[in-house]
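First the structure, in the form of structure tokens, and then the observations on it.
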Amino acid sequence: MELRLAGVGHSYAGREVLRDIDLKVPEGEIVCIVGPSGCGKSTLLRMMGGLEQPARGEVLQVGQPPQGCLNPLTFIFQDFALLPWRSVAGNVSLVLEDHPIGRDEARAMVADVLGRTRLTEFADALPRQLSGGMKQRVAIARALVVRPAVLLMDEPLSALDSQTRELLMEDLVGLWTRQPFTAVYVTHNLAEAVRLGHRIVVLSRRPGELREVVSLDKPLADRGYGDADLEVTQKHLWELMRAEAAAADAELLRG
Amino acid sequence: MDNQGSKVVFRGGGFTHQSRRWVGFVVFAALLLLAEWGTRTGVISPLTLPRPSDVLQTFGELYSSGLLFQHLIPSLLRLLVGAALGASLGIGVGFLIGLFSFVRAGLVPLVAAIFPIPKIALLPLFVIWFGIDEGSKYALIAFGTFTPTVVATFAAVDNVDRTLIRMGQSFGLDWFSIVRKIVLPGAMPGILAGLRISLAIAIILLVAAEMLGAEYGIGAYILEAGSLYDLERLFAGVVILSVLGVLVSAVIGVIERRLLDWRT
């Protein structure tokens, strides 16, 4: 299944935040969306996941979601959004409870994703006992358990420190390499974009417009911390964004 | 300053809560001992304050004569029925206000209008509506607990983390699941905090209701003692109320520890 955006635009209280976005998210690829703060990238992601309605244009899902998919468009949030009163396993099983799945099968599915995200031994821990990186791994496990067609990640690593971010990026690459998934990854961190993106979409400052789409052919598994060719792409992205980011920053200061 | 340097002075600490259970008992005991000593030596005249040992003796007589339970059981029943009615209705209405904009627009001004009414002033009205018997007492207590519970509940529902609700929606949870599994537990701390206040108000109203037309009950007992200026019995009644308040608060504490163990 792939996602297609056609002429998507949006305004909040008369202020235009997104203009004329045409975009394709092909199956099995990670599309990163980068842009200066306030450019509407998170709004765009919420529209892709049906949490917000675009004022103009439309978001289309093309093709059927894979078999056994329980929630085709699945989010991973920046602030993890775990229920603090449920254990790790309880948080994961929450999203299965509204589906007609037997208790044993659900338990097996939860055990499977916890194994894949290396959380098995923390199944009974409460969120407050976990570090930020572990919390986000629980959120990733919760997203994987519904077998999504497209993962929608909203700055998933932005609340984490840089070492944890590096480890989790490796986790995501590992998960993708074992079983390629389709994802839209919103971030303001260009290093994350060049590590995880097959395509990188650059948005301009408000109102967000498509500035450029950069394709990266190097396999995800071969990309590493501080690779020279990635640095070149990252620098190119930064040059694209620099003036925009500065202008966006000044705009915020003026209120 | 020489090369050896001076030690950096510690200036942090404080402003946190530590468990010091015994301090409460010490304060109680010290006040009681002071009163006992004062009344025995004559520093405090027996007309101004009854001797604690006399109050204890009166309490003992109350217990051995069997009158204690004759007064206590109707009171507890009234408190239980009235508070249960008021609190459950209050939580229900609070949820409706928290969840539906229309209900909020319609009921919040009404609740604000009802809240400042001294409920005791309405007792004659309740007597006409629900009869002079238990009905009017239940209604008074229920009405008094209802308003603070409503306000606490809808504020608690408003405070539930919206990102958790968005998360529920993004995973396709149905509306009822979101309310039951996300909104209800998320609002629980606020609801329980509200109940602490509501139940204290319920005890106050219990006594008020019993002072106006009840044969048995703590309130009736206190009123009778008061009109005879029998300070020992008056204080014995007041002590029962205090103990009741402490017990209610302890019960809520236990519920909080059970239900809210996910907080730190």
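Couple of notes before you dig in:
- In the stretch A:103-120 there is no residue that is within 10 Å of chain B (Cβ to nearest Cβ), over 21 Å from the mean Cα position of the chain (by Cα) and surrounded by 15 or more Cβ atoms within 10 Å (Cβ to Cβ).
- Among the residues listed as A:Leu51, A:Leu5, A:Leu60, the single one being of a type outside the set (Asp, Glu), within 30 Å of A:Glu251 (Cβ to Cβ) and touching a strand residue (DSSP E or B) at 6+ places or on another chain (Cβ under 7 Å): A:Leu5
- Residue within the stretch A:160-181 that is touching a residue at least 60 places away in the same chain (Cβ under 8 Å), out of contact with any Pro (no Cβ under 8 Å at 6 or more places or on another chain) and open to solvent by less than 10 Å² (accessible area, probe 1.4 Å) present: no
- Qualifying residue in the stretch B:72-83 (condition: in contact with a Gly (Cβ under 7 Å, 6 or more places away or on another chain), of a type in the set (Ser, Thr, Tyr) and at pLDDT 90 or above): yes
- As for the stretch B:136-150, it holds at least one residue that is without any contact (Cβ under 8 Å) to a residue 60 or more places away in the chain, closer than 20 Å to B:Leu99 by Cα and either in contact with an Asp or Glu (Cβ under 6 Å, 6 or more places away or on another chain) or open to solvent by 10 Å² or more (accessible area, probe 1.4 Å) (or both).
- Yes/no for A:Leu44 being open to solvent by less than 50 Å² (accessible area, probe 1.4 Å) and either aliphatic (A, V, I, L, M) or at pLDDT 90 or above (or both): yes
- Residues satisfying the stated conditions in the stretch A:18-47, i.e. closer than 20 Å to A:Leu237 by Cβ, charged (D, E, K, R) and assigned to a helix (DSSP H, G or I): A:Lys41
- Leading residue by the ranking (farthest from the other protein chains (Cβ to nearest Cβ)) among those in the stretch B:244-264 that are open to solvent by less than 70 Å² (accessible area, probe 1.4 Å) and without any contact (Cβ under 8 Å) to a residue 40 or more places away in the chain: B:Ala250
- Among the residues of the stretch A:92-99, not a single one is farther than 20 Å from B:Gly168 by Cβ and either surrounded by fewer than 20 Cβ atoms within 10 Å (Cβ to Cβ) or in contact with a helix residue (DSSP H, G or I) (Cβ under 8 Å, 6 or more places away or on another chain) (or both).
- In the stretch A:187-209, the residues that are charged (D, E, K, R) and open to solvent by 10 Å² or more (accessible area, probe 1.4 Å): A:Arg195, A:Arg199, A:Arg205, A:Arg206, A:Glu209
- Residue selected from the stretch A:30-41 under the condition of a type outside the set (Val, Ile, Thr) and in contact with a strand residue (DSSP E or B) (Cβ under 9 Å, 6 or more places away or on another chain), by the criterion most open to solvent (accessible area, probe 1.4 Å): A:Gly38
- Search result, residues across the stretch A:49-102 that are part of a strand (DSSP E or B) and either more than 21 Å from the chain's Cα centre (by Cα) or within 12 Å of another protein chain (Cβ to nearest Cβ) (or both): A:Arg56, A:Gly57, A:Leu73, A:Thr74, A:Phe75, A:Ile76
- Test: B:Val160 is more than 15 Å from A:Arg142 (Cβ to Cβ), of a type in the set (A, V, I, L, M) and part of a helix (DSSP H, G or I): no
- Close pairs from the stretch B:152-176: first facing chain A (nearest Cβ under 9 Å), partner of a type in the set (Asp, Glu), Cβ under 6 Å, at least 6 apart: B:Thr163/A:Asp79; B:Leu173/A:Asp98; B:Asp174/A:Asp98
- The sole residue among B:Arg180, B:Arg196 that is away from chain A (no Cβ under 14 Å) and either farther than 19 Å from B:Ser88 by Cβ or open to solvent by 50 Å² or more (accessible area, probe 1.4 Å) (or both) is B:Arg196.
- Of all residues making up the stretch B:1-35, the number that are modelled with pLDDT of 85 or more and under 28 Å from B:Leu49 (Cβ atoms): 13
- Residues of the stretch A:63-80 satisfying the condition of being touching a strand residue (DSSP E or B) at 6+ places or on another chain (Cβ under 8 Å) and aliphatic (A, V, I, L, M): A:Leu73, A:Ile76
- Qualifying residue in the stretch A:130-143 (condition: open to solvent by 30 Å² or more (accessible area, probe 1.4 Å), part of a helix (DSSP H, G or I) and within 14 Å of chain B (Cβ to nearest Cβ)): yes
The values are calculated or read from the model by the stated rules, or taken from the named source; none is laboratory data. These numbers were taken from a predicted model, which means no experiment stands behind them. Neighbour counts run over all protein chains shown; Cβ positions are idealised from the backbone, glycine included. Ligands, DNA and RNA are excluded from the accessible area calculation, which covers all protein heavy atoms including side chains. Shrake-Rupley method; radii C 1.70, N 1.55, O 1.52, S 1.80 Å.
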